[in-house]
Amino acid sequence: MKKFVLALIVLVMGVLSACGAEGAEGEKKSIKIGASAGPYTDMVELAIKPGLEQKGYDVEVVQFNDYIQPNQALGNDELDANLFQHKIYMETFAKQSKLDLSEVITVPTAPMGIYSNKVKSLGEVKEGATVAIPNDPTNAARALQILKDGGLVELNEDVSPIQVSEKDVTKNPKKLTFVPVEAAQLPRAVEDTDLSAVPGNFALAAKMNLADAVQLEAMNDVHRNRVVMNTKDADSEIAEDIKEVVQSAGFEKAIDKDFEGFEKPEWMEQKQ
(Lines give C-alpha, C1' and ligand atoms only; values in the text may rest on other atoms or scores of the structure.)
Protein backbone atom coordinates (compact mmCIF):
# COMPACT_ATOMS: atom_id res chain seq x y z
CA MET A 1 0.00 0.00 0.00
CA LYS A 2 2.84 2.38 0.93
CA LYS A 3 4.54 1.65 -2.39
CA PHE A 4 1.30 2.44 -4.25
CA VAL A 5 0.87 5.78 -2.43
CA LEU A 6 4.52 6.68 -3.05
CA ALA A 7 4.19 5.89 -6.75
CA LEU A 8 1.00 7.97 -6.95
CA ILE A 9 2.74 10.94 -5.31
CA VAL A 10 5.65 10.69 -7.74
CA LEU A 11 3.22 10.53 -10.68
CA VAL A 12 1.25 13.56 -9.51
CA MET A 13 4.44 15.56 -8.91
CA GLY A 14 5.62 14.67 -12.40
CA VAL A 15 2.37 15.86 -13.97
CA LEU A 16 2.45 19.12 -12.00
CA SER A 17 6.07 19.65 -12.94
CA ALA A 18 5.28 19.13 -16.62
CA CYS A 19 2.35 21.55 -16.44
CA GLY A 20 4.55 24.14 -14.77
CA ALA A 21 7.20 23.83 -17.47
CA GLU A 22 4.64 24.16 -20.22
CA GLY A 23 3.18 27.22 -18.56
CA ALA A 24 6.59 28.88 -18.31
CA GLU A 25 7.34 28.24 -21.95
CA GLY A 26 3.91 29.51 -22.95
CA GLU A 27 4.28 32.79 -21.11
CA LYS A 28 4.28 35.91 -23.26
CA LYS A 29 7.62 37.70 -23.52
CA SER A 30 7.30 41.46 -23.70
CA ILE A 31 9.38 43.91 -25.72
CA LYS A 32 9.15 47.67 -26.09
CA ILE A 33 10.59 49.29 -29.23
CA GLY A 34 10.85 53.04 -29.82
CA ALA A 35 10.85 54.65 -33.26
CA SER A 36 10.66 58.10 -34.81
CA ALA A 37 7.26 59.17 -36.11
CA GLY A 38 6.66 58.31 -39.75
CA PRO A 39 8.22 55.55 -41.83
CA TYR A 40 10.28 53.93 -39.08
CA THR A 41 7.35 53.58 -36.70
CA ASP A 42 5.55 52.06 -39.69
CA MET A 43 8.48 49.73 -40.32
CA VAL A 44 8.37 48.43 -36.75
CA GLU A 45 4.58 48.02 -36.89
CA LEU A 46 4.36 46.41 -40.34
CA ALA A 47 7.65 44.56 -40.83
CA ILE A 48 9.14 43.79 -37.40
CA LYS A 49 6.28 43.47 -34.91
CA PRO A 50 4.49 40.61 -36.75
CA GLY A 51 7.65 38.48 -36.77
CA LEU A 52 8.30 39.09 -33.07
CA GLU A 53 4.69 38.22 -32.25
CA GLN A 54 5.17 34.92 -34.06
CA LYS A 55 8.09 34.28 -31.72
CA GLY A 56 5.79 34.78 -28.73
CA TYR A 57 6.45 38.42 -27.89
CA ASP A 58 3.94 40.98 -26.71
CA VAL A 59 5.23 44.01 -28.66
CA GLU A 60 4.68 47.65 -27.66
CA VAL A 61 5.72 50.30 -30.18
CA VAL A 62 6.51 53.74 -28.73
CA GLN A 63 6.48 56.66 -31.18
CA PHE A 64 8.75 59.68 -30.66
CA ASN A 65 8.66 63.07 -32.35
CA ASP A 66 12.31 63.96 -31.85
CA TYR A 67 15.73 62.32 -32.08
CA ILE A 68 16.76 62.78 -28.44
CA GLN A 69 14.13 61.00 -26.37
CA PRO A 70 14.44 57.58 -28.08
CA ASN A 71 18.07 57.20 -26.97
CA GLN A 72 17.45 58.70 -23.54
CA ALA A 73 14.57 56.26 -22.99
CA LEU A 74 16.77 53.39 -24.15
CA GLY A 75 19.59 54.45 -21.81
CA ASN A 76 17.10 54.58 -18.92
CA ASP A 77 15.91 51.03 -19.74
CA GLU A 78 12.45 52.33 -20.63
CA LEU A 79 12.88 50.69 -24.04
CA ASP A 80 14.44 47.42 -25.16
CA ALA A 81 15.45 48.80 -28.56
CA ASN A 82 14.89 51.70 -30.91
CA LEU A 83 14.89 52.36 -34.65
CA PHE A 84 15.50 55.85 -36.02
CA GLN A 85 19.22 56.62 -36.32
CA HIS A 86 22.30 55.96 -38.41
CA LYS A 87 25.72 54.92 -37.11
CA ILE A 88 27.30 58.37 -36.96
CA TYR A 89 24.40 59.84 -34.97
CA MET A 90 24.34 56.85 -32.61
CA GLU A 91 28.04 57.08 -31.84
CA THR A 92 28.00 60.88 -31.45
CA PHE A 93 24.92 60.88 -29.20
CA ALA A 94 26.27 58.02 -27.07
CA LYS A 95 29.57 59.80 -26.52
CA GLN A 96 27.97 63.14 -25.65
CA SER A 97 25.35 61.57 -23.37
CA LYS A 98 27.68 58.97 -21.81
CA LEU A 99 25.56 56.06 -23.04
CA ASP A 100 26.80 52.67 -24.18
CA LEU A 101 24.82 51.85 -27.33
CA SER A 102 25.31 49.19 -29.98
CA GLU A 103 23.65 48.38 -33.26
CA VAL A 104 21.83 45.10 -33.69
CA ILE A 105 21.25 45.21 -37.45
CA THR A 106 20.88 47.75 -40.26
CA VAL A 107 17.54 48.11 -42.05
CA PRO A 108 16.30 49.52 -45.38
CA THR A 109 16.49 53.29 -45.23
CA ALA A 110 14.89 56.13 -47.18
CA PRO A 111 17.75 57.76 -49.11
CA MET A 112 18.46 61.46 -49.34
CA GLY A 113 17.50 62.89 -52.71
CA ILE A 114 17.97 66.02 -54.78
CA TYR A 115 14.53 67.46 -55.54
CA SER A 116 13.58 70.30 -57.88
CA ASN A 117 10.58 72.10 -59.31
CA LYS A 118 12.84 73.80 -61.87
CA VAL A 119 14.64 70.95 -63.63
CA LYS A 120 13.97 67.30 -64.38
CA SER A 121 17.61 66.21 -64.48
CA LEU A 122 20.92 67.45 -63.10
CA GLY A 123 22.04 67.97 -66.69
CA GLU A 124 19.51 70.84 -66.98
CA VAL A 125 20.96 72.77 -64.03
CA LYS A 126 22.01 76.27 -65.10
CA GLU A 127 25.04 78.28 -64.04
CA GLY A 128 24.55 80.07 -60.71
CA ALA A 129 21.80 77.73 -59.53
CA THR A 130 20.98 77.74 -55.83
CA VAL A 131 21.21 74.47 -53.92
CA ALA A 132 19.70 74.03 -50.46
CA ILE A 133 21.76 71.61 -48.38
CA PRO A 134 21.40 70.48 -44.75
CA ASN A 135 23.09 72.76 -42.24
CA ASP A 136 24.47 69.88 -40.15
CA PRO A 137 27.88 68.41 -41.14
CA THR A 138 26.81 64.78 -41.54
CA ASN A 139 23.91 65.43 -43.90
CA ALA A 140 25.75 68.22 -45.72
CA ALA A 141 28.45 65.68 -46.61
CA ARG A 142 25.78 63.36 -47.99
CA ALA A 143 24.31 66.16 -50.12
CA LEU A 144 27.70 67.10 -51.56
CA GLN A 145 28.39 63.46 -52.37
CA ILE A 146 25.14 63.25 -54.37
CA LEU A 147 26.11 66.39 -56.30
CA LYS A 148 29.51 64.84 -56.98
CA ASP A 149 27.91 61.59 -58.19
CA GLY A 150 25.67 63.70 -60.44
CA GLY A 151 28.68 65.41 -61.99
CA LEU A 152 27.95 68.91 -60.66
CA VAL A 153 30.96 69.26 -58.36
CA GLU A 154 34.28 67.63 -57.57
CA LEU A 155 35.45 67.03 -54.02
CA ASN A 156 38.82 66.72 -52.31
CA GLU A 157 39.65 63.02 -52.57
CA ASP A 158 41.89 63.21 -49.51
CA VAL A 159 38.86 63.84 -47.31
CA SER A 160 36.54 61.03 -46.23
CA PRO A 161 33.22 61.06 -48.17
CA ILE A 162 31.34 61.15 -44.87
CA GLN A 163 33.25 64.22 -43.66
CA VAL A 164 33.44 66.50 -46.70
CA SER A 165 32.14 70.07 -46.45
CA GLU A 166 31.75 73.08 -48.73
CA LYS A 167 35.43 73.93 -48.26
CA ASP A 168 36.31 70.56 -49.82
CA VAL A 169 34.61 71.41 -53.13
CA THR A 170 37.56 71.58 -55.54
CA LYS A 171 35.59 72.22 -58.72
CA ASN A 172 32.21 73.93 -59.12
CA PRO A 173 31.95 74.54 -62.88
CA LYS A 174 28.34 75.77 -62.72
CA LYS A 175 29.12 78.13 -59.85
CA LEU A 176 26.42 76.64 -57.68
CA THR A 177 25.43 78.67 -54.62
CA PHE A 178 24.97 76.52 -51.52
CA VAL A 179 22.25 77.55 -49.08
CA PRO A 180 22.51 75.80 -45.67
CA VAL A 181 19.03 75.02 -44.29
CA GLU A 182 17.78 73.14 -41.24
CA ALA A 183 17.07 69.60 -42.42
CA ALA A 184 13.37 69.65 -41.49
CA GLN A 185 12.86 72.75 -43.68
CA LEU A 186 14.47 71.30 -46.81
CA PRO A 187 11.18 70.05 -48.31
CA ARG A 188 9.91 73.66 -48.29
CA ALA A 189 13.18 74.85 -49.79
CA VAL A 190 12.26 73.05 -53.02
CA GLU A 191 9.97 76.01 -53.74
CA ASP A 192 12.62 78.67 -53.09
CA THR A 193 15.78 77.18 -54.62
CA ASP A 194 16.73 75.43 -57.85
CA LEU A 195 17.70 72.22 -56.06
CA SER A 196 17.14 70.96 -52.54
CA ALA A 197 18.85 67.99 -50.90
CA VAL A 198 16.17 66.42 -48.70
CA PRO A 199 16.87 63.53 -46.28
CA GLY A 200 14.51 60.63 -46.92
CA ASN A 201 12.65 60.76 -43.61
CA PHE A 202 11.83 64.45 -44.06
CA ALA A 203 10.82 63.88 -47.68
CA LEU A 204 8.35 61.19 -46.64
CA ALA A 205 7.04 63.27 -43.74
CA ALA A 206 6.30 66.03 -46.27
CA LYS A 207 4.40 63.51 -48.47
CA MET A 208 7.09 63.67 -51.17
CA ASN A 209 7.60 60.66 -53.42
CA LEU A 210 11.14 59.26 -53.34
CA ALA A 211 10.78 58.38 -57.02
CA ASP A 212 10.33 62.09 -57.87
CA ALA A 213 13.89 62.94 -56.86
CA VAL A 214 16.12 64.27 -59.63
CA GLN A 215 18.78 62.03 -58.13
CA LEU A 216 18.86 59.71 -55.13
CA GLU A 217 22.00 59.03 -53.14
CA ALA A 218 24.06 55.87 -53.42
CA MET A 219 23.86 55.41 -49.68
CA ASN A 220 26.92 54.76 -47.55
CA ASP A 221 26.16 51.99 -45.06
CA VAL A 222 26.99 54.24 -42.08
CA HIS A 223 24.01 56.39 -43.10
CA ARG A 224 21.50 53.54 -43.00
CA ASN A 225 19.22 53.36 -40.00
CA ARG A 226 19.68 50.52 -37.59
CA VAL A 227 18.03 48.79 -34.67
CA VAL A 228 19.94 49.94 -31.58
CA MET A 229 20.10 48.49 -28.07
CA ASN A 230 22.09 49.11 -24.92
CA THR A 231 25.43 47.35 -25.32
CA LYS A 232 24.77 45.24 -22.23
CA ASP A 233 21.77 43.73 -24.07
CA ALA A 234 23.30 43.46 -27.53
CA ASP A 235 23.94 39.71 -27.20
CA SER A 236 20.65 38.91 -25.48
CA GLU A 237 17.90 36.58 -26.68
CA ILE A 238 15.81 39.63 -27.60
CA ALA A 239 18.63 40.97 -29.79
CA GLU A 240 19.00 37.63 -31.56
CA ASP A 241 15.24 37.38 -32.11
CA ILE A 242 15.09 40.90 -33.59
CA LYS A 243 17.97 40.06 -35.89
CA GLU A 244 16.28 36.85 -37.05
CA VAL A 245 13.04 38.71 -37.78
CA VAL A 246 14.80 41.44 -39.80
CA GLN A 247 16.70 38.79 -41.77
CA SER A 248 13.53 36.84 -42.52
CA ALA A 249 11.69 36.52 -45.84
CA GLY A 250 8.58 38.01 -44.18
CA PHE A 251 10.44 41.21 -43.32
CA GLU A 252 11.77 41.64 -46.86
CA LYS A 253 8.32 40.97 -48.31
CA ALA A 254 6.87 43.74 -46.12
CA ILE A 255 9.65 46.11 -47.21
CA ASP A 256 9.02 45.43 -50.90
CA LYS A 257 5.28 45.98 -50.40
CA ASP A 258 5.14 49.03 -48.15
CA PHE A 259 8.52 50.79 -48.38
CA GLU A 260 9.14 51.36 -52.06
CA GLY A 261 12.29 53.34 -52.77
CA PHE A 262 14.01 52.47 -49.50
CA GLU A 263 17.59 51.45 -50.15
CA LYS A 264 18.41 48.03 -48.76
CA PRO A 265 21.56 47.46 -46.69
CA GLU A 266 24.50 45.55 -48.08
CA TRP A 267 23.67 42.35 -46.20
CA MET A 268 20.22 42.25 -47.84
CA GLU A 269 21.58 42.89 -51.32
CA GLN A 270 24.07 40.05 -50.89
CA LYS A 271 21.16 37.64 -50.29
CA GLN A 272 19.77 38.30 -53.78
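The values are calculated or read from the model by the stated rules, or taken from the named source; none is laboratory data. Because the structure is predicted, anything quoted here is derived from the model rather than measured. Every residue, glycine among them, receives a Cβ derived from its backbone with ideal geometry; neighbour counts consider all protein chains shown. What goes into the accessible areas is simple: the full protein's heavy atoms, side chains included, and nothing from ligands, DNA or RNA. Shrake-Rupley method; radii C 1.70, N 1.55, O 1.52, S 1.80 Å.
Key figures for this structure:
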{"item": "For peptides 176-182, 265-271, sequence by mean Cβ density within 10 Å, most packed first", "result": "176-182, 265-271"}
{"item": "Ellipticity estimate at 222 nm from DSSP helix runs (n ≥ 4, -39,500 (n - 2.57)) divided over the chain, nearest 500", "result": "-11000 deg cm²/dmol"}
{"item": "Radius ratio Rg over Rh of the range 67-185, counting only Cα atoms, Kirkwood formula for Rh", "result": "1.05"}
{"item": "Surface accessible to a 1.4 Å probe, per residue, for the residues of the chain, Å²", "result": "54 Å²"}
{"item": "Rounded tilt (10° steps) of 249-258 against the dominant C-alpha axis of the chain", "result": "40 degrees"}
{"item": "Square roots of 5 times each gyration tensor eigenvalue, C-alpha, the chain, largest first, Å", "result": "49, 18, 15"}
{"item": "Gap separating the Cα centres of the range 96-166 and the range 33-87, nearest whole Å", "result": "26 Å"}
{"item": "Protection proxy ranking of 40-46, 230-236, 203-209, 76-82 - average other beta-carbon atoms within 10 Å, highest first", "result": "40-46, 76-82, 203-209, 230-236"}
{"item": "Farthest positive-ward along the range 113-272 dipole, Cα basis, beta-carbon charges - from 255, 199, 177", "result": "177"}
{"item": "Contact order normalised by residue count of the range 98-242, Cα under 8 Å, 6+ apart, percent", "result": "43 percent"}
{"item": "When each of 120/271; 87/167; 95/243; 87/174; 55/271 is checked by Cα-Cα distance, pairs over 28 Å", "result": "120/271; 87/174"}
{"item": "Reduced Cα scattering model of the range 133-272, Debye log10 I(q)/I(0), q = 0.16 Å⁻¹", "result": "-0.96"}
{"item": "With every protein chain in place, the chain: carbon and sulfur % of accessible area (1.4 Å)", "result": "50 percent"}
